[in-house]
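Asks: There's a structure below that I have some questions on.
Quick note: the coordinates plus some simple rules give every number you see, no bench work behind them. These numbers come from a predicted model, not from an experiment. FYI the Cβ positions are ideal-geometry reconstructions off the backbone, even for glycines, and counts take in every protein chain you see.
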Amino acid sequence: DAGITQSPRHKVTETGTPVTLRCHQTENHRYMYWYRQDPGHGLRLIHYSYGVKDTDKGEVSDGYSVSRSKTEDFLLTLESATSSQTSVYFCAISADSSGQPQHFGDGTRLSIL
Amino acid sequence: KQEVTQIPAALSVPEGENLVLNCSFTDSAIYNLQWFRQDPGKGLTSLLLIQSSQREQTSGRLNASLDKSSGRSTLYIAASQPGDSATYLCAVGDNDMRFGAGTRLTVKP
């Protein structure tokens with residue numbers, strides 16, 4: 001299995017609070033991704049990173065920010081969580097965006113009340 | 001915008017049967033197509049990746065094909081086993097990968 005650790009694995013918080021999810025990899029892969037998975041919408045890309053301090057938006061980036069200060073860590077922040085951001089969040093990594101597969105972590109289940 | 005569709009949404013077969021899962025996409029200008037499986041409450045496991053210049057990939061009992069001109073991919077599973085029961089997802093693209101909704105496969109002993 002690819003060395004990807006997501007933390008926390010579960011979190012319950014209240015509307016309006018800030019939340020940060022962490023993805024840590026031990027593979028030294030250049031590319032890292034954050035997705036959310038919702039019933040009826042499937043998996044959708046939030047943000048991705050193509051190197052330290054290099055990030056770009058995905059399909060559903062509104063309300064989210066990311067940071068990557070080290071190759072191994074990619075943080076996803078909800079500045080002021082809303083109930084619509086209740087979801088399962090997955091981190092993925094890839095050595096190359098065009099010829100290598102993406103490998104996924106086990107996910108973080110986030111509930112915003 | 002790339003749209004990815006998977007048919008059927010659910011499939012139940014007896015053990016030992018060969019089966020085909022289908023994936024279609026609207027924009028044929030793709031870089032990669034990747035097949036994943038997802039077990040309940042788990043992350044995605046990469047099964048096969050087909051680059052745009054390739055027509056198929058094989059791994060064990062799995063074979064995936066790609067026809068860009070028709071916007072279709074198939075995942076063939078030979079001699080299905082109960083352990084193959086999972087949701088199978090296809091995804092198209094490189095960094096901005098678009099996913100289908102998946103096919104939920106049940107293989108009955």
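Asks: Taking the stretch A:27-36 on its own, how many of its residues are touching a strand residue (DSSP E or B) at 6+ places or on another chain (Cβ under 8 Å) and either aliphatic (A, V, I, L, M) or more than 14 Å from chain B (Cβ to nearest Cβ) (or both)?
Replies: So the count comes out to 1.
Asks: Quick check, is residue A:101 surrounded by 15 or more Cβ atoms within 10 Å (Cβ to Cβ), closer than 23 Å to residue B:47 by Cα and not polar (S, T, N, Q)?
Replies: yes
Asks: Anything in the stretch A:53-64 that is more than 14 Å from chain B (Cβ to nearest Cβ) and either surrounded by 15 or more Cβ atoms within 10 Å (Cβ to Cβ) or free of Cβ contacts under 8 Å to residues at least 12 places away in the same chain (or both)? List them, or say none.
Replies: A:62, A:64
Asks: Looking only at the stretch B:1-24, which residues are under 12 Å from the mean Cα position of the chain (by Cα) and under 24 Å from residue A:33 (Cβ atoms)?
Replies: Correct list: B:4, B:5, B:6, B:21, B:23, B:24.
Asks: Still on this structure, please answer the following. Scan the stretch B:20-44 residue by residue and report those that are surrounded by fewer than 17 Cβ atoms within 10 Å (Cβ to Cβ) and not in a loop (DSSP other than H, G, I, E, B).
Replies: B:20, B:22
Asks: Given (1) crowded, with 19+ Cβ neighbours inside 10 Å; (2) among the small types (Gly, Ala, Ser); (3) within 14 Å of the chain's Cα centre (by Cα), where does residue A:81 come up short, assuming only one miss?
Replies: So residue A:81 meets the others, but not (3).
Asks: Further question on the same structure: If we scan the stretch A:44-51, do we find a residue that is at negative phi, basic (Lys, Arg) and within 11 Å of chain B (Cβ to nearest Cβ)?
Replies: Looking through the stretch A:44-51, at least one residue is at negative phi, basic (Lys, Arg) and within 11 Å of chain B (Cβ to nearest Cβ).
Asks: Check the stretch A:23-45 and report whether any residue there is closer than 22 Å to residue B:46 by Cβ, small (Gly, Ala, Ser) and surrounded by fewer than 16 Cβ atoms within 10 Å (Cβ to Cβ).
Replies: No, the stretch A:23-45 contains no residue that is closer than 22 Å to residue B:46 by Cβ, small (Gly, Ala, Ser) and surrounded by fewer than 16 Cβ atoms within 10 Å (Cβ to Cβ).
Asks: OK, next. Does residue B:1 meet the test of being in a loop (DSSP other than H, G, I, E, B), surrounded by 12 or more Cβ atoms within 10 Å (Cβ to Cβ) and of a type outside the set (Asp, Glu)?
Replies: no
Asks: Regarding the stretch B:30-51, can at least one residue be identified that is farther than 23 Å from residue A:37 by Cα and more than 14 Å from chain A (Cβ to nearest Cβ)?
Replies: The answer is no, given that none of the residues of the stretch B:30-51 is farther than 23 Å from residue A:37 by Cα and more than 14 Å from chain A (Cβ to nearest Cβ).
Asks: Which residues, taken from the stretch B:1-22, are more than 16 Å from residue A:102 (Cβ to Cβ) and of a type in the set (A, V, I, L, M, F, W, C)?
Replies: If the condition is that a residue be more than 16 Å from residue A:102 (Cβ to Cβ) and of a type in the set (A, V, I, L, M, F, W, C), then B:7, B:9, B:10, B:11, B:13, B:19, B:20, B:21 are the ones that fit.
Asks: Being touching a Ser or Thr at 6+ places or on another chain (Cβ under 6 Å) and away from chain B (no Cβ under 11 Å) is the filter here, so list the residues in the stretch A:84-109 that pass it.
Replies: If the condition is that a residue be touching a Ser or Thr at 6+ places or on another chain (Cβ under 6 Å) and away from chain B (no Cβ under 11 Å), then A:86 is the only one that fits.
Asks: Tally the residues that are aliphatic (A, V, I, L, M) and part of a loop (DSSP other than H, G, I, E, B), restricting the search to the stretch A:1-49.
Replies: Residues in the stretch A:1-49 being aliphatic (A, V, I, L, M) and part of a loop (DSSP other than H, G, I, E, B): 1 in total.
Asks: Return the only residue of A:22, A:44, A:30 being under 12 Å from the mean Cα position of the chain (by Cα) and over 20 Å from residue A:82 (Cβ atoms).
Replies: Criteria check complete, one pass: A:22.
Asks: Need the failing condition index for residue B:54 against (1) surrounded by 17 or more Cβ atoms within 10 Å (Cβ to Cβ); (2) under 26 Å from residue A:97 (Cβ atoms), just the number.
Replies: Unmet for residue B:54, out of (1) surrounded by 17 or more Cβ atoms within 10 Å (Cβ to Cβ); (2) under 26 Å from residue A:97 (Cβ atoms): (1).
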